[in-house]
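*Asks:* Below is one structure. I have some questions about it.
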Amino acid sequence: MIKGALSAAALVVGLSFTPVAASAAPILGGATAVDLTATSTFESLGYSLATYGTASAFKLGNDIVATFLVTGGTRNDSTGALLVNHNGSGLNFTSGSNTLSIGNFVVDTANGVVRGSAAANGFTLGTLSLFNLGANSTLTLTNEAAAAFTTTLGAPNLAGADIGTAQVNVVFGPSGVPEPATWGLMIAGVGFVGASLRRRLRATTDAAAA
């Protein structure tokens, strides 16, 4: 009986130390608005700006304000850091017959960067670090993005140039739900403990009856 109880107790202790995935709240949706304060600068360079996919834009004074739908992501419940995805939308910068497309933005607040896909005249450049995310959600052009602007559109070196500010608005889902594998181990463990206790109770009853 003691051996069975110790085995059950050991399993319970073991279960208490079963690794559980870090708590993260899923991002269900929302939208990010970007005030492109560099609109006048781009226009002075002869660039036209347009959104593509599910993005939309309107003019506010001299600035273009672009809105990108949030398609997913996560929030780290321990640090509050966000990974916010914006698949299926982006911006086209056109000069003459050349177009640089950037989009499918991922806002990474932990690393202070906005990554995304880039294409030059329809040819994929891959995933680039496009903007540095600074204080008050200011966006500055990275070296990678500046090189893409220069190569595709013949722009001067715009690395570090202020592009605008971003306002991220997201809707969170519930967090802290154990993974299915963890639930399975917990249920199996509880069942084993219950079976051990039932066997001990049966043995005690049989001994008393004898």
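*Asks:* Note down the Stokes-Einstein diffusion coefficient of the range 101-160 in µm²/s, whole number, using a Kirkwood radius over alpha carbon pairs, 20 °C, and 1.002 mPa s.
*Replies:* Numbers: Rh = 11.6 Å.
Rounded, D is 184 µm²/s.
*Asks:* Cα atoms only: what Rg and Dmax, in Å, come out for the range 77-135?
*Replies:* Using the Cα atoms of the range 77-135, the pair Rg, Dmax is 13.3, 48 Å.
*Asks:* Moving on to the next point. So if R0 is 22 Å, what FRET efficiency would Asn136 and Leu60 give, r being the distance between their Cβ atoms, rounded to the nearest 0.05?
*Replies:* According to the calculation, E is roughly 0.80.
*Asks:* Please list, in chain and number order, the residues 5+ apart from Phe172 or on another chain whose amide H is under 5 Å from its amide H, with Hs placed from the backbone.
*Replies:* Leu28
*Asks:* Compute the normalised compactness of the range 13-151: alpha-carbon radius of gyration over 2.2 N^0.38 Å, N being the residue count.
*Replies:* Values: Rg = 17.5 Å, N = 139, 2.2 N^0.38 = 14.3 Å.
After normalising by residue count via 2.2 N^0.38 Å, the value is 1.22.
*Asks:* Out of every Cα-Cα pair in the range 19-65, what percent are more than 18 Å apart?
*Replies:* Value for the range 19-65 (Cα pairs over 18 Å): 49 percent.
*Asks:* Suppose R0 equals 41 Å. What FRET efficiency, 1/(1 + (r/R0)^6) with r the Cβ-Cβ distance, do Leu49 and Phe172 give to the nearest 0.05?
*Replies:* Working: r = 31 Å, r/R0 = 0.76.
Here the calculated transfer efficiency is 0.85.
*Asks:* Between Thr71 and residues 5 or more places away or on another chain, which pairs have amide H atoms under 5 Å apart, with H built 1.01 Å from N, and which residues are they?
*Replies:* Asn85, His86, Asn87
Read-outs throughout are calculated quantities, based only on the coordinates presented, and are distinct from any laboratory measurement. Values in this document were obtained by computation on a predicted structure and should not be read as measured data. With ideal geometry, Cβ positions are generated from the backbone for all residues, glycine too; neighbour counts draw on all protein chains shown.
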